[in-house]
1. Please find, within the range 192-245, the residue that is surrounded by the most Cβ atoms within 10 Å (Cβ to Cβ) out of those that are of a type in the set (Gly, Ala, Ser) and within 20 Å of residue 86 (Cβ to Cβ).
2. Do any strands (runs of 3 or more DSSP E) lying entirely in the range 48-157 carry at least 1 residues that are under 21 Å from residue 248 (Cα atoms) and β-branched (Val, Ile, Thr), and which ones are they?
3. Check whether at least one residue in the range 2-17 is in contact with a Ser or Thr (Cβ under 8 Å, 6 or more places away or on another chain), closer than 20 Å to residue 153 by Cβ, outside the structural domain of residue 114 (by TED's automatic domain parsing) and not charged (D, E, K, R), and report yes or no.
4. From the set of residues in the range 151-180 that are buried (at least 18 other Cβ atoms within 10 Å of the Cβ) and among the small types (Gly, Ala, Ser), which is farthest from residue 141 (Cα to Cα)?
5. Considering only the range 60-71, state which residues are over 11 Å from the mean Cα position of the chain (by Cα) and buried (at least 22 other Cβ atoms within 10 Å of the Cβ).
Amino acid sequence: MSDSKPSTPLPAFVSHQVSEAQRFFLNLNPDSNSRLEVVCGGVERMRPDYVVEREDFPFFALELVAEGRGTLIIHGQQHALSAGSVFAYGPGTVHLIRNNADDPMRKYYLDFVGTCGSKLLRESGLINAAGDYQPLSVGALHQLTDLFDMMMRESVEDGAVVHSICEALAEVTLLKIKQLALPPQSDLPQSYATYQRIRRHIEQHYLQLHSIAEVAEQCDVTAVYLSRLFNRFGDCGAYQFLLRRKMNDAAGLLMNEGLLVKDVAKRLKFADAFQFSRAFKRVYGIPPKQLRSHGS
């Protein structure tokens, strides 16, 4: 993935510690006295050594973890990050974000300004009654990632209403966070604990898993119940999640190790290169040969 405006130098506040990214930039000189203006946003996959430590930030920022794990330290409190974690920070907020090298994060972000910024974040639950930023966990993650993806698509359109559309989508995203926020860990339903257990199993054993039926059998649930859990709490279906994990490994083998497509297919235990190529294109939208040519 790449920036929507690759010829534009990246602003100083954008991290370079990423292995892939899709970004958009709407207004890098926004008016903080306006009601709401979207500055930029996108989605990035963190490098294992990713760490961001800031004393300040020029805008309000919203971040959503779609995959992987990490740590957030904000207001002196440490919080574990995982898929479904959403958090925010703003001007004058000291924060540190650290990636888990064994399970790198893929996260969406949105930067914005405006007189209603604090109010929207407070209403979403990302700022508490004491005025401190606090992370939340959300269910039905795919509903939020869909909104971020829609923003990225709209940002590259022409026309006078593009900024207004992205601002409206930003407000909807914050409203959806309020709607999808899960209760504190101690009050979560048992079904969410089951979902997390199955997700961890896939993350740990995806190279040996070939179907959701196998996952369900090994996790002692039915395939129908497993699918319901991912539809309720995940950002994609169970098989799509398994396939993503496999293809993330495949992308690394193609770009970083320069393996041939047929060798990657064999390494990941696909029946043949054709089946692997079809699965790879389903996830990334391009054939693996094209990615390999970009990495060489």
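1. The selected residue is 234.
2. On the way: elements: 51-54, 60-67, 70-74, 77-81, 85-89, 95-99, 106-113.
Where strands (runs of 3 or more DSSP E) fall fully within the range 48-157 and carry at least 1 residues being under 21 Å from residue 248 (Cα atoms) and β-branched (Val, Ile, Thr), they are 51-54, 60-67.
3. Pass one, the range 2-17, residues in contact with a Ser or Thr (Cβ under 8 Å, 6 or more places away or on another chain): 4.
Narrowing the set further to residues that are closer than 20 Å to residue 153 by Cβ leaves 4.
Then keep just the ones that are outside the structural domain of residue 114 (by TED's automatic domain parsing); that gives 4.
Subsequent filtering for residues that are not charged (D, E, K, R) retains 4.
Within the range 2-17, one or more residues are in contact with a Ser or Thr (Cβ under 8 Å, 6 or more places away or on another chain), closer than 20 Å to residue 153 by Cβ, outside the structural domain of residue 114 (by TED's automatic domain parsing) and not charged (D, E, K, R).
4. 155
5. Listed by number, the residues that qualify are 60, 61, 62, 70.
The values are calculated or read from the model by the stated rules, or taken from the named source; none is laboratory data. As the structure is a prediction and not an experimental result, all values here were calculated from the model. Here the Cβ is made from the backbone with ideal geometry for all residues, glycine too, and neighbour counts use every protein chain on show.
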